[in-house]
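Here it is: the structure, laid out below.
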Amino acid sequence: MLKRISPNEIGQNVFSLIGEQWMLVTAGTADRCNTMTASWGGLGVLWGGPMATIYVRPQRYTFEFLERSDTFSLCFFTPEYRDKLALCGSRSGRDVDKVKECGFTVFEGAEGTPCFAQAELVLVCRKVYWQDLDPSHFLDGTIDGKWYKKDYHRMYFGQILEVYRREG
């Protein structure tokens, strides 16, 4: 069962949580949403409150849902879900219903934000800012060629509205 907690109670290493465990970025509605696996992002404090940052390329199907939605969720899972996260990172929601394929149960967080009941940790976020990455701002010239083929991410800042953690 997921229990609502304060963002201050997360208490996990965010580098491991995001970079090693991965997360599902989900936007839309409980009835029609799309999700994608991500291992780039951040958690911290900005503008006086808890904030999450995510990075999504424009060609991703989830990008369309993020653009139409005021909110998004970040869901983190235990290792037994790794194969499902791999599927969500390798298949497009244009071609397959990833939620159905993975057997996820959707519940609504704040403002109707789609979240997954199987997650061990859920962050519900309201978009407060976005910006497209600009290659002219890379101070390390190797980043562009190593990570991009002119398909730069859009960065979203999300105010964390709710946090849920699995109890028991």
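The values are calculated or read from the model by the stated rules, or taken from the named source; none is laboratory data. The structure displayed is predicted, hence computed values, not measured ones. Please note: Cβ atoms are built from the backbone with ideal geometry, for glycine as well, and neighbour counts cover all protein chains shown.
Select from segment 119-168 the residues that are at pLDDT 95 or above, part of a loop (DSSP other than H, G, I, E, B) and touching a strand residue (DSSP E or B) at 6+ places or on another chain (Cβ under 8 Å) and list them in ascending order.
Answer for segment 119-168, where residues must be at pLDDT 95 or above, part of a loop (DSSP other than H, G, I, E, B) and touching a strand residue (DSSP E or B) at 6+ places or on another chain (Cβ under 8 Å): Ala119, Glu120, Leu133, Tyr152, His153.
Turning to a different aspect of this structure: Please note which strands (runs of 3 or more DSSP E) are completely contained in segment 14-73 and include at least 2 residues that are over 20 Å from Lys84 (Cα atoms) and modelled with pLDDT of 95 or more.
Per the criteria, 41-46, 49-56.
Enumerate the pairs (first residue in segment 78-103 and within 13 Å of Arg60 (Cα to Cα) and hydrophobic (A, V, I, L, M, F, W, C); second residue anywhere and modelled with pLDDT of 95 or more and assigned to a helix (DSSP H, G or I)) with beta-carbon separation below 8 Å, excluding pairs fewer than 6 apart on the same chain, so at least 6 apart or on different chains.
Short answer, once both residue conditions are applied: Cys88/Lys98; Cys88/Cys102.
Determine if segment 132-154 includes at least one residue that is loosely packed, with under 15 Cβ neighbours inside 10 Å, touching a residue at least 40 places away in the same chain (Cβ under 8 Å) and farther than 20 Å from Gly44 by Cα.
Yes, because at least one residue in segment 132-154 is loosely packed, with under 15 Cβ neighbours inside 10 Å, touching a residue at least 40 places away in the same chain (Cβ under 8 Å) and farther than 20 Å from Gly44 by Cα.
To continue, here is another question. Scan segment 45-60 and tell me whether some residue there is touching a residue at least 60 places away in the same chain (Cβ under 8 Å), in contact with a Lys or Arg (Cβ under 6 Å, 6 or more places away or on another chain) and hydroxyl-bearing (Ser, Thr, Tyr).
Initial filter on segment 45-60 (touching a residue at least 60 places away in the same chain (Cβ under 8 Å)): 46-47, 49-59.
If we keep only those that are in contact with a Lys or Arg (Cβ under 6 Å, 6 or more places away or on another chain) as well, we get 56.
Subsequent filtering for residues that are hydroxyl-bearing (Ser, Thr, Tyr) retains none.
No, the conditions are met nowhere in segment 45-60.
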